[in-house]
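Structure record follows, encoded as structure tokens.
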Amino acid sequence: MSELATQLEELRRRFGNAVAGAPDEAGLEQVRIAYLGRNGEVTQVRRTIGRLPAHERPAAGKSINDAVGAMEAELQTAQARLESLTFQSELAESIDVTFPAIPAGAGSLNPVRRVIDDACTYFRRHGFAVVVGDEIESDYNNFDALNIPSDHPAREGFDSFWITATLLLRPHTSPVQIRTMQQHRPPIAIVAPGKCFRRDAVDARHLFQFHQIEGLLVAQGIHFGHLKGMLAEMCRELFGAQQSVRFRPSYFPFTEPSAEVDTTCPKCGGEGASCSMCGGSGWIELGGAGMVHPSVLREVGYDPDIYSGWAFGFGVERLALARYEVDDIRRFINGDPNFLEQLA
Ligand code: DAH
């Protein structure tokens, strides 16, 4: 074996011992500098090449490079081993695996969703189907078919977000009545919960995106008494057995007669006085209702001499405000887990 080979072999043996003995990454770096650094042992060996006869130099250079390659590989392996040791010891320091875990919390339903679910459950039990319409509506379904032609002043009551000249974000769920009646023959019994949109300034009682639940019953012999019974019973189911319901004469183009529906304020129990929930009236407004207008029935091809029906459209947030005695409608959408948990 040539002198150089012996030398390299001896150097690599010492290097291997030093690497194995390095206690940590800093120690390993010292070994690297001592052997492979600019003034390290390998450099010393390289300098001896100049003293060899010219024809031996290429082979000598190659054997040094081979040795360096092998040493660098050894360093890398050692480096990886030490890194993982460091990581393990850091883990052991900061994580106590016997510590009890933080219990995983389940979310709760938003009060608005709960009102929708409970109202739908009530109507389903009475044989109604739950349907959903589209949030983008045609002006025909939203207005014309509901007896609100384009020059009708009632359109102004719906401060709508228009998408094109004939498409809008629906400002109420009543167009679902039209969609349903266009597709089915009577008898019809549906409720349609969903999002509605109006260009309202946001405050404690208004959002520009809110929910309504629409109801529609069309068959032979349907009268106002059926409407009163269904809605009064719904209020008792949602608010409690003591609940009263009152119907005030009102006007909607798509119903005749039309009514505004109120229920006893759950906060003051109808006392009124200085109640902050109902403003002292003792009543909470739920929304509109009435007997489906003959023009609406005719528009969908139903004969108003044979069929009659009732309809209603209530604001879900209003129901939820009253039911959970919440003072500000914005609480329903700001996602505060404390608020939601409190009502869960
Ligand atoms: N769509 C009406 C509104 O948003 C509420 C309404 C009134 C719905 C009477 C009805 C109804 O179905 O019969 O103001």
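What follows is calculated from the coordinates using simple rules that are stated; it is not laboratory data. Small disclaimer: the values here were computed from a predicted structure and weren't measured. Cβ coordinates were reconstructed from backbone atoms using ideal geometry, including for glycine residues, and neighbour counts include every protein chain displayed.
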Review point. In percent, how large is the relative contact order of the range 71-217, given Cα pairs closer than 8 Å and 6 or more residues apart?
Key: 21
Revision key, fill the gap. Going fewest to most other Cβ atoms within 10 Å around each Cβ, TRP283, TRP162 line up as TRP162, TRP283
Point to revise | Under 24 Å from LYS267, Cα to Cα: lysines that are on another chain or at least 8 residues apart | key: LYS228
Revision key, fill the gap. In nanometres, the difference between 0.36 nm per residue of separation and the alpha-carbon distance of ARG199 and ALA129 is 22.2 nm
Point to revise | Protection proxy ranking, peptides 226-232, 274-280, 336-342, 110-116, average beta carbon neighbours within 10 Å, highest first | key: 110-116, 226-232, 274-280, 336-342
Exercise for review: Considering the options SER138, VAL218, GLY27, tell which one lies farthest towards the positive end of the dipole of the chain, charges being +1 on Lys and Arg and -1 on Asp and Glu at the Cβ, about the Cα centre.
Suggested key: GLY27
Exercise for review: Rank ALA18, GLY69, THR43 by how far each Cα sits towards the positive end of the charge dipole of the range 15-69 (+1 on Lys, Arg Cβ; -1 on Asp, Glu Cβ) and give me just the farthest.
Suggested key: THR43
Practice item. Mind ranking 246-256, 213-223 by how tightly packed they are, going by the mean number of other C-beta atoms within 10 angstrom, highest first? Key: 213-223, 246-256
Point to revise | P(r) of the range 2-94 over all Cα-Cα pairs, binned every 10 Å from zero, in whole percent | key: 15, 43, 25, 12, 5, 1, 0
**Study point:** Contact order relative to length of the range 2-94, as percent, for alpha carbon pairs under 8 angstrom and 6 or more apart
**Key:** 33
**Study point:** Size-normalised alpha-carbon gyration radius of the range 142-235, reference 2.2 N^0.38 Å
**Key:** 1.23
Review point. If you wrap a convex hull around the Cα atoms of the chain, how much volume per residue is inside, in Å³?
Key: 304
Review point. How large is the dipole of the range 2-94 about the Cα centre if only Lys and Arg carry +1 and Asp and Glu carry -1, each at its Cβ, rounded to the nearest 20 debye?
Key: 620
Practice item. Over the Cα atoms of the range 260-344, compute the convex hull volume and normalise it per residue, giving Å³. Key: 139
Point to revise | Length-normalised contact order of the range 111-343 in % [C-alpha pairs under 8 Å, at least 6 apart] | key: 21
